[in-house]
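Accompanying notes for the structure given below.
The values are calculated or read from the model by the stated rules, or taken from the named source; none is laboratory data. Because the structure is a prediction, the values reported are computed rather than measured. Glycine gets a Cβ as well: all are built from the backbone with ideal geometry, and neighbour counts include every protein chain shown. Accessible surface is based on the protein model in full, side chains and every heavy atom, while ligands, DNA and RNA are left aside. Shrake-Rupley method; radii C 1.70, N 1.55, O 1.52, S 1.80 Å.
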Amino acid sequence: MGRHQERKITERCVFQVCANFIKMEDVLSSEVCGRRIICDGEYGTVCYVGTIPPTSVHGHMSDGKYYRKMGAEWPAKGPCLPDLSRSVEGLWLGIEWDNPLRGKHNGSHEGRRYFTCSQLNTLSDISLRGYEVSNAGQEAEILHSCPNISVLNLSKNLLASWENVADIAYQLKKLNTLDLSENRFYLPSHPSLLTNAFENLTTLSLNQTGITWKEVLQCAAMWPVLEELHLASNGIASMERPVNCLQCLTLLNISDNNLTDEKQLYALSELPRLKQLIITNNRISSVEFPVTQFGCSTELFSSLTSLSVDGNNVSLWSFINELNKLKSLQSLNCQNNPLMESEKNPRTVRQLIIAKIANLKYLNKTEILPEERRGAELDYRKMFGIDWLKAGGSHKSEFSNLSLMFLEEHPRYTALVKKYGAPDDEEMKILQPVNLKNKLLCLTIKCPDKPDQQPIKKNLPDSMSVQKLKGLLFRLLKVPGSELKLTYESSKMEGKEIELENDLKPLQFYSIENGDCVLVRW
């Protein structure tokens with residue numbers, strides 16, 4: 001590959017083995033071999049101590065410290081001359097550099113091998129981010145040096161065309177993962193002619209390249225088996241349906257773009273293998289999946305199991321209702337949306353989302369245990385029981401004639417009535433105004449790491465901050481509050497602990513309920 005410099009472009013392969021000879025004036029013991037050194041901030045290992053045959057050298061002063069010629073380096077003495085001819089003799093150190101770009105040869109000189117470096121042909125994963133790579137360098141050099149590379153990071157380089165990239169990829173027949181982020185490319189004249197270069201490529205990153213979706217589709221013929229495509233931070237604002245391309249795609253990341261219209265997502269809805277869609281930090285606010293009959297699943301996004309919509313403009317529950325139509329959806333990330341702030345209690349929002357999406361197993365990267373789902377669905381059923389009756393619901397299902405408005409707002413409610421039965425009058429009683437006594441929580445305090453410490457029961461106001469609770473525990477347990485780590489367990493989520501990590505938040509922020517158990521560790 002080529003490396004661009006301010007004053008000139010030098011054609012060299014960045015995959016060369018990292019070795020140099022450094023001339024020494026002093027006599028050194030062979031015990032020096034194997035020692036680590038540092039030179040100009042670069043680390044290396046001494047692999048050879050000895051002489052090399054006299055060599056006539058022509059070089060120039062390149063960095064004020066070493067003359068260089070054919071991979072050899074030696075300490076410069078005397079004035080810096082633009083050109084120099086002399087015979088080089090004496091004691092030399094052979095250095096294998098940690099940085100593969102530092103070296104000039106592979107431990108041999110004029111046909112004779114003095115030491116052996118690590119073999120690049122065994123490397124499978126290489127990162128050359130920010131190394132000013134612009135082309136493939138000498139013909140077939142990459143193929144001969146490191147043919148086994150399967151993962152290659154060429155982000156933030158000077159690659160200007162897909163033909164340049166193809167010249168590199170042609171030589172890496174095992175290449176399956178390629179990162180080209182932060183480059184800028186001219187579109188290829190005939191993308192299909194470059195297909196052989198990327199015939200095994202399954203993962204491609206084009207973040208911050210300025211590429212549009214239309215250009216992606218134009219280039220897609222080059223990537224016949226592509227499974228993962230990352231297009232973050234490209235300013236993409238519109239999309240169209242892929243035709244005869246990207247049909248193997250299982251993951252698409254279009255985060256940090258400018259998508260606003262829900263209809264843009266329909267362009268992706270018929271990709272047959274798409275399992276994971278990441279559209280975080282866009283401006284999507286709504287979505288709608290038309291179905292032939294109320295309560296049915298949609299055939300759109302038929303394979304989609306994971307959806308990330310963090311950082312969008314979702315503010316309506318209708319968005320969540322629509323997601324229940326996706327028959328394969330199991331994981332949803334939707335933090336940093338206005339909807340998540342629609343209820344005073346964050347736990348209430350979580351319960352509502354769980355109750356509204358039947359097949360969901362993970363919400364915001366947290367597993368939904370069976371006990372949590374059951375509690376969320378029962379609470380949902382009670383919460384909207386009166387609305388259900390007013391909308392035409394009946395304890396005798398044959399007399400139910402629910403209004404269309406209620407069904408649109410609560411499309412899963414009928415299924416929950418079938419699952420748990422209709423809510424009874426006791427469950428639907430309107431709560432009386434809460435007085436101070438009702439705000440007290442009866443909590444059990446345990447020290448799981450101190451079996452000799454007996455559990456303590458305390459009635460605490462739900463407005464008490466975590467910091468004040470630690471102060472109370474300091475007095476009870478004689479342990480500095482700063483050393484305490486608090487979590488709590490709920491009967492609705494058995495086997496799961498929730499950390500009380502913010503000292504300034506009240507207990508009610510964490511949805512602690514009457515009868516829960518606070519666990520104290522230090």
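If you check GLU299 against the conditions, is it farther than 16 Å from LEU332 by Cα and free of Cβ contacts under 8 Å to residues at least 12 places away in the same chain? Spelling it out, GLU299 is indeed farther than 16 Å from LEU332 by Cα and free of Cβ contacts under 8 Å to residues at least 12 places away in the same chain. Do we find that GLU288 is open to solvent by less than 60 Å² (accessible area, probe 1.4 Å) and either at negative phi or not in a loop (DSSP other than H, G, I, E, B) (or both) in this structure? Against the criterion (open to solvent by less than 60 Å² (accessible area, probe 1.4 Å) and either at negative phi or not in a loop (DSSP other than H, G, I, E, B) (or both)), GLU288 does not qualify. Taken over the stretch 447-479, residues that are in a loop (DSSP other than H, G, I, E, B) and under 20 Å from ASP503 (Cβ atoms) amount to 6.
Considering (1) surrounded by fewer than 19 Cβ atoms within 10 Å (Cβ to Cβ); (2) at pLDDT below 90, say which one GLY393 fails and leave the rest. Among (1) surrounded by fewer than 19 Cβ atoms within 10 Å (Cβ to Cβ); (2) at pLDDT below 90, GLY393 violates only (1). PHE319 meets all of the listed conditions (1) open to solvent by 70 Å² or more (accessible area, probe 1.4 Å); (2) part of a helix (DSSP H, G or I); (3) not polar (S, T, N, Q) but one, namely (1).
The one condition from (1) surrounded by fewer than 15 Cβ atoms within 10 Å (Cβ to Cβ); (2) modelled with pLDDT under 80 that ASP449 does not meet is (2). Among the residues making up the stretch 161-187, those that are surrounded by 18 or more Cβ atoms within 10 Å (Cβ to Cβ), under 19 Å from GLN208 (Cα atoms) and among the charged types (D, E, K, R) are ASP179, GLU182. Residues that are out of contact with any strand residue (DSSP E or B) (no Cβ under 9 Å at 6 or more places or on another chain) and aliphatic (A, V, I, L, M) within the stretch 326-346 comprise LEU339, MET340, listed in sequence order. When the stretch 303-316 is limited to residues that are among the aliphatic types (A, V, I, L, M) and assigned to a loop (DSSP other than H, G, I, E, B), the one that is surrounded by the fewest Cβ atoms within 10 Å (Cβ to Cβ) turns out to be LEU316. State whether one or more residues within the stretch 345-353 are among the hydroxyl-bearing types (Ser, Thr, Tyr), open to solvent by 10 Å² or more (accessible area, probe 1.4 Å), out of contact with any helix residue (DSSP H, G or I) (no Cβ under 9 Å at 6 or more places or on another chain) and not in a loop (DSSP other than H, G, I, E, B). Looking through the stretch 345-353, none of the residues is among the hydroxyl-bearing types (Ser, Thr, Tyr), open to solvent by 10 Å² or more (accessible area, probe 1.4 Å), out of contact with any helix residue (DSSP H, G or I) (no Cβ under 9 Å at 6 or more places or on another chain) and not in a loop (DSSP other than H, G, I, E, B).
Contact annotation: residue pairs with Cβ atoms under 7 Å, 6 or more positions apart or on different chains, pairing a residue in the stretch 497-522 that is without any contact (Cβ under 8 Å) to a residue 24 or more places away in the chain with a partner that is of a type in the set (A, V, I, L, M, F, W, C), are GLU497/LEU519. Considering the stretch 135-244, the qualifying helices (runs of 4 or more DSSP H), each wholly inside and each with 1 or more residues that are more than 22 Å from ASN121 (Cβ to Cβ) and among the aromatic types (Phe, Trp, Tyr), run over 162-170, 213-219. Scanning the stretch 481-504 for residues that are of a type in the set (Ser, Thr, Tyr) and assigned to a loop (DSSP other than H, G, I, E, B) gives a single hit, SER490.
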